[in-house]
Amino acid sequence: MSVRTGQCLCGKVRFHAKVEPSIQACHCTQCQRWTGGGPLLSVRARDLEIEGEDWIEDYRHSEWGERAFCRKCGTTLYWKMQGRPVGYIAVGLLDDQSELAVTEEIFVDFRPSWFPAWIGATQSTEAQEMAKLEAFLAEQGK
Ligand SMILES: [Zn+2]
Ligand SMILES: [Zn+2]
């Protein structure tokens, strides 16, 4: 993990966080609409410190997830589980995107036909992801 800085388009929201070098591509239809086209490309982040939190708007699209964007410029910021710390930050926010690679594609059954697969990335379907989510939620419920 490396500490990286980033910001939204207008600069009202800035952050630094420890970021993993692997990018996850989510092809679910919610992410496609949220990003405006193509997958949500994000990196796992820890120890996130945000400046400009007043500019962040949360949108709950499901019973478990929460999507955040900048109220000023509309930039896609991050996705997280409700009531949990931020898990994934949109990779395009990072000031330095060197030495990152797409290693994981999820919800590949929703990947549009015009969008090619990443060679070498793991592929998982909605059914596989939902099974993982259910196992995670069951674990949290203990
Ligand atoms: Zn902004
Ligand atoms: Zn998605």
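Values quoted throughout were computed directly from the atomic coordinates according to the rules given, and no laboratory measurement underlies them. Since this is a predicted model, take the numbers as computed values, not measurements.
How large is ³J(HN,Hα) for each residue in the stretch 114-120, as worked out from phi by the Karplus curve 6.51 cos²θ - 1.76 cosθ + 1.60 (θ = phi - 60°), to whole Hz, x for Gly and Pro?
Using θ = phi - 60°, the values come out as 7, 9, x, 6, 7, 5, x Hz.
Report the gain in length on full extension from Glu51 to Arg14: 0.36 nm times residue separation, minus Cα-Cα distance, nm rounded to one decimal.
So the extension gain works out to 12.8 nm.
Once you've got the GNM for the chain with C-alpha springs shorter than 10 Å, pick whichever of Ser124, Ser22, Ser62 has the biggest mean-square fluctuation.
Taking springs between Cα atoms under 10 Å, the residue moving most is Ser62.
Give a residue-ordered list of calculated ³J(HN,Hα) values for the stretch 106-112 (Karplus: 6.51 cos²θ - 1.76 cosθ + 1.60, θ = phi - 60°; whole Hz; x for Gly, Pro).
With coefficients 6.51, -1.76 and 1.60, one gets 10, 6, 5, 5, 9, 5, x Hz.
Translational D (Stokes-Einstein, µm²/s) of the chain at 10 °C and 1.306 mPa s when Rh comes from the Kirkwood sum over C-alpha pairs?
Answer, rounded: 101 µm²/s.
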